[in-house]
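Visitor: Sharing a structure here in structure tokens format.
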Amino acid sequence: MEKGAGSPSVGGSYPQKNAEILSSQYGINLFLAGLLLTFAWAVHAVGISKSHLLSYLITLMLIQLVWMLWYRFRSCTQRRLIRDKDTHAGARWLKCGITLFAVITLILDSFKIGYYIDFSNCLSPTEGIFPVTHAVHTILQVYFLWCHAKDIIQSFKTLERFGVIHSVFTNLLLWTNGVLTESKHQLNEHKERLITLGFGNITIVLDDHAPQCNCTTTTLCSIFSQGIYYLYPFNIEYHILASTMLYVLWKNIGRKVEHHQQHKTPFKFHGITVGMIFGLIVLTSTIAIVVVYLIQIGRSKIKSELALTMFYLHAIFVLALMCTAGIVALLIYRLEDRSLDNSKNPARKLDAELLVGTAAGSWLLSWGSILAIICAQAHPKYTWYNLPYSVLVIIEKYVQNLFIIESVHREQEKVNDNIKTLRIVTVSQGNTLSLTASYKEIYNGRPAHDRGELPCLFKGSICGRENGGDGDGAKEETSQENNSSVMDSVSDFSFYSRNSVTNNKRRILKNIAAFLFLCNLSLWIPPAFGCRPEYDNGLEEIVFGFEPWIIVVNLAMPFSIFYRMHSAASLFEVNCKT
């Protein structure tokens with residue numbers, strides 16, 4: 001009987017599972033083809049130029065534009081239908097974040113258009129078409145995510161799976177292209193710096209993709225070429241955020257959700273002053289360190305060593321504070337007895353997987369540095385600071401991941417609206433008395449004044465005085481009521497004490513989340529804008545070899561950069577939820 005009852009659902013779900021597998025394989029093949037084109041261009045493969053890669057990316061973006069327009073048109077025609085929504089997906093703060101990155105990406109596209117105009121004599125037309133197409137793609141995609149990030153698609157599911165997964169891997173390829181372009185620029189600067197540190201035995205061959213013609217306006221060309229690389233970090237974050245939001249949309253296709261009221265958790269600055277102050281101090285000092293680092297590194301051997309030492313000491317101090325804050329938060333969680341929310345949630349599951357997966361990039365670099373310090377024959381003084389720095393990077397990410405994942409899985413405390421405190425002011429014999437109704441009175445029913453009675457905390461002192469002419473019977477009743485009042489007062493005091501302890505714990509957790517949020521933003525800035533000691537200290541290149549270590553850094557660094565931004569976003573959510 002169970003088999004017969006279950007057969008329709010099995011028959012109905014099998015084609016959808018098949019479509020999910022087929023669409024994922026389509027996306028992977030799409031991505032691998034683009035990845036090979038990108039790699040071929042990077043290594044100057046014969047017969048493959050940048051125009052081939054850009055043509056492929058333009059084609060993918062145009063296909064996605066067609067799909068998004070079709071989906072939007074179909075949604076408008078079915079506006080009256082009630083659609084299921086995933087309340088956990090596409091949070092407003094996440095949409096605002098991706099919009100900010102998209103605006104900076106549009107500025108980057110305008111710089112690329114200006115760069116193409118100045119070098120139009122020797123550049124392929126695809127290099128002018130690409131930024132225009134990318135700008136249109138960015139505008140429409142952000143609009144699409146604002147309108148449909150929470151959708152749970154229940155019609156044309158097979159077709160929509162292919163459309164959404166195409167969009168996911170298109171953004172991943174655009175992210176890969178941005179990472180590679182920015183990494184090649186950083187690598188060229190790194191090669192030039194190595195000479196100043198005394199590593200002259202490393203062959204310096206610049207990987208130059210510059211146009212082979214003169215610029216029409218030298219000043220503008222310099223502004224465009226330099227500005228492009230400072231804007232790439234925001235473009236990279238934009239595409240990875242877009243791909244994650246689209247992936248959640250893909251996972252939600254055909255999903256059946258439980259209809260329950262989602263509690264809104266707006267962000268509030270109240271109660272997080274301490275965390276914000278310490279976090280802003282870290283952010284300000286980090287920006288100052290990055291500016292000094294970029295100015296000093298590569299000038300001379302002494303200045304480069306001082307810049308590296310300054311960076312390591314600052315990072316060690318910040319990471320130690322973050323480890324301490326994370327451990328304190330985990331200890332507070334151990335003292336609480338609150339159940340975890342294990343309901344199915346694609347957005348939350350993806351967040352946890354991204355935290356652990358992208359942290360592996362930093363762990364790989366840290367273990368490489370630790371091994372290099374142990375195995376190296378010569379140790380310049382500044383390289384010893386790399387050891388505690390690398391160890392703290394591993395520990396800090398480990399602790400922070402535990403804190404974030406447990407925070408997003410903890411069930412929110414449900415505050416009963418019936419339990420309130422009423423402040424009653426009454427005038428008796430010329431005195432103003434402030435009386436508070438017991439929370440039990442309100443919880444169990446109407447408060448005393450709703451029943452025509454005066455709410456009394458100490459009935460013997462006030463109510464007894466008003467009923468003083470009733471005789472001995474009234475005195476006995478007053479005595480019994482006094483005993484009852486004392487017990488209620490003790491119970492109320494115990495309740496408010498527990499509530500006070502809970503509020504203090506919550507306040508500490510909110511301050512820790514705010515502090516870690518700003519610290520992660522601070523630690524995102526150095527590698528995103530070219531402050532990368534993994535490149536500049538030179539010790540790893542000697543132990544592992546120049547090219548092998550550069551390959552490791554170029555593969556791991558994008559994940560390390562993304563980890564910081566994703567952690568900041570997750571901690572913002574934790575702060576709202578706590």
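Residue-wise test of (1) part of a helix (DSSP H, G or I); (2) buried (at least 21 other Cβ atoms within 10 Å of the Cβ); (3) among the aromatic types (Phe, Trp, Tyr); (4) at pLDDT 90 or above.
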position: Gly90; (1), (2), (3), (4): no, yes, no, no
position: Leu94; (1), (2), (3), (4): yes, no, no, no
position: Ile107; (1), (2), (3), (4): yes, no, no, yes
position: Ile113; (1), (2), (3), (4): yes, no, no, yes
position: Tyr116; (1), (2), (3), (4): yes, yes, yes, no
position: Leu123; (1), (2), (3), (4): no, no, no, no
position: Phe130; (1), (2), (3), (4): yes, yes, yes, yes
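Visitor: Within the range 521-543, count every residue that is of a type outside the set (A, V, I, L, M, F, W, C), in a helix (DSSP H, G or I) and touching a residue at least 60 places away in the same chain (Cβ under 8 Å).
Guide: 8
Visitor: Of the residues that sit in the range 500-542 and are of a type in the set (A, V, I, L, M) and open to solvent by less than 20 Å² (accessible area, probe 1.4 Å), which one is farthest from Ala378 (Cα to Cα)?
Guide: Looking at residues that are of a type in the set (A, V, I, L, M) and open to solvent by less than 20 Å² (accessible area, probe 1.4 Å), I get Leu509.
Visitor: Of the conditions (1) surrounded by fewer than 23 Cβ atoms within 10 Å (Cβ to Cβ); (2) closer than 24 Å to Ile228 by Cβ, Ile561 satisfies every one except a single condition; which number is it?
Guide: Checking Ile561 against (1) surrounded by fewer than 23 Cβ atoms within 10 Å (Cβ to Cβ); (2) closer than 24 Å to Ile228 by Cβ, the one that fails is (1).
Visitor: Just to be sure I understand the filter: pairs with C-beta atoms under 9 Å, separated by 6 or more residues or on different chains, first member in the range 152-168 and part of a loop (DSSP other than H, G, I, E, B), second member basic (Lys, Arg) and open to solvent by less than 40 Å² (accessible area, probe 1.4 Å). Which pairs pass?
Guide: Every condition considered, the pairs that remain are Ile152/Arg255; Ile153/Arg161; Ile153/Arg255; Gln154/Arg255; Ser155/Arg74; Phe156/Arg74.
Visitor: Next up: For Thr286, which of the numbered conditions (1) open to solvent by less than 50 Å² (accessible area, probe 1.4 Å); (2) free of Cβ contacts under 8 Å to residues at least 60 places away in the same chain; (3) polar (S, T, N, Q) fails to hold?
Guide: Of everything listed in (1) open to solvent by less than 50 Å² (accessible area, probe 1.4 Å); (2) free of Cβ contacts under 8 Å to residues at least 60 places away in the same chain; (3) polar (S, T, N, Q), Thr286 misses just condition (2).
Visitor: Okay, next question. Arg299 is checked against (1) open to solvent by 30 Å² or more (accessible area, probe 1.4 Å); (2) assigned to a helix (DSSP H, G or I) and fails just one. What number does that condition carry?
Guide: (2)
Visitor: Out of the residues in the range 261-283 that are open to solvent by 60 Å² or more (accessible area, probe 1.4 Å) and modelled with pLDDT of 90 or more, state the one that is nearest to the chain's Cα centre (by Cα).
Guide: Taking the candidates together, the pick is Leu280.
Visitor: When residues of the range 178-198 are filtered for being surrounded by fewer than 16 Cβ atoms within 10 Å (Cβ to Cβ) and either at pLDDT below 65 or in the same structural domain as Pro380 (by the TED database) (or both), how many remain?
Guide: 2
Visitor: Now a separate question. Does the range 220-235 hold any residues that are closer than 14 Å to Ile117 by Cβ and surrounded by fewer than 16 Cβ atoms within 10 Å (Cβ to Cβ), and which are they?
Guide: Once the filter is applied, which keeps residues that are closer than 14 Å to Ile117 by Cβ and surrounded by fewer than 16 Cβ atoms within 10 Å (Cβ to Cβ), the range 220-235 yields Leu220, Ile223.
The values are calculated or read from the model by the stated rules, or taken from the named source; none is laboratory data. Because the structure is a prediction, the values reported are computed rather than measured. Every residue, glycine as well, gets a Cβ built from its backbone with ideal geometry; the counts of neighbours run over all protein chains shown. Note: accessible area is taken over every heavy atom of the protein model, side chains too, but ligands, DNA and RNA are not part of it. Shrake-Rupley method; radii C 1.70, N 1.55, O 1.52, S 1.80 Å.
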